[in-house]
Amino acid sequence: AAGYAHSLALRRDGSIACWGRNGDGQAPPDGVDGEFIAIAAGVFHSLALRRDGSVACWGKNSDGQAPPAGVDGDFIAISAGSWHSLALRRDGSIACWGDNLHGCAPTEEDDTARLNSTPFMTEVHVL
């Protein structure tokens, strides 16, 4: 995963290698230990999807895009925007957190309900 000035790579053992700019803790030189299955990099924050479906977050959290305690849930995919983060739940609904200046991370109940009115794809079929 490539952020603004940092990069992440998922190792076979589930840990994460990090390199590049680490001014906000987004790319710890020693990497991140854990049993991760996916990674994402924002401008100054990073995300990793744990095997149990929760999300680990680190780096800059000025807009709530990388809560240090992570995000609990039954997620199957993650994405990191510039100042916001998204995760796809197993049921096809979306969770958003962080900056919503341009409507990219709606967290209000009405906006999230509209966004999740039709479930998103949770399976990929290769033909």
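The values are calculated or read from the model by the stated rules, or taken from the named source; none is laboratory data. The model shown is predicted, which means the values in this text are computed figures rather than measured ones. All Cβ positions, even for glycine, are placed from backbone atoms using ideal geometry, and neighbour counts span all protein chains on display. To get the accessible areas, we keep the full protein, side chains included, count just its heavy atoms, and leave off ligands, DNA and RNA. Shrake-Rupley method; radii C 1.70, N 1.55, O 1.52, S 1.80 Å.
When region 75-112 is limited to residues that are polar (S, T, N, Q) and over 10 Å from the mean Cα position of the chain (by Cα), the one that is modelled with the highest pLDDT turns out to be Ser82.
Checking the structure you have, find out if any residue of region 5-12 is modelled with pLDDT of 95 or more and touching a Pro at 6+ places or on another chain (Cβ under 6 Å). Quick ask: steps written out before the conclusion?
Kept after step one, since they are modelled with pLDDT of 95 or more, are these residues of region 5-12: 5-12.
Of the ones still in play, those that are also touching a Pro at 6+ places or on another chain (Cβ under 6 Å) are none.
Among the residues of region 5-12, not one is modelled with pLDDT of 95 or more and touching a Pro at 6+ places or on another chain (Cβ under 6 Å), which makes the answer no.
Residues of region 69-79 that are in a strand (DSSP E or B) and open to solvent by 20 Å² or more (accessible area, probe 1.4 Å): Val71, Ile76, Ala77, Ile78, Ser79. Remark: pairs (first residue in region 81-106, in a loop (DSSP other than H, G, I, E, B) and acidic (Asp, Glu); second residue open to solvent by 40 Å² or more (accessible area, probe 1.4 Å) and modelled with pLDDT of 85 or more; Cβ separation under 9 Å; 6+ apart in sequence or on different chains) = Asp91/Asp74; Asp99/Ser62; Asp99/Asp63; Asp99/Ser82; Asp99/Trp83. Tell me, which residue of region 32-68 that is buried (at least 21 other Cβ atoms within 10 Å of the Cβ) and part of a loop (DSSP other than H, G, I, E, B) is farthest from the chain's Cα centre (by Cα)? Going through the qualifying residues, I end up with Phe44.
Quick one: count up the residues across region 1-31 that are aromatic (Phe, Trp, Tyr) and either in contact with a Ser or Thr (Cβ under 7 Å, 6 or more places away or on another chain) or open to solvent by less than 50 Å² (accessible area, probe 1.4 Å) (or both). Let's see the steps before the verdict.
First, pick out the residues of region 1-31 that are aromatic (Phe, Trp, Tyr): 4, 19.
Within this subset, residues satisfying the condition of being either in contact with a Ser or Thr (Cβ under 7 Å, 6 or more places away or on another chain) or open to solvent by less than 50 Å² (accessible area, probe 1.4 Å) (or both) are 19.
Within region 1-31, residues that are aromatic (Phe, Trp, Tyr) and either in contact with a Ser or Thr (Cβ under 7 Å, 6 or more places away or on another chain) or open to solvent by less than 50 Å² (accessible area, probe 1.4 Å) (or both) number 1.
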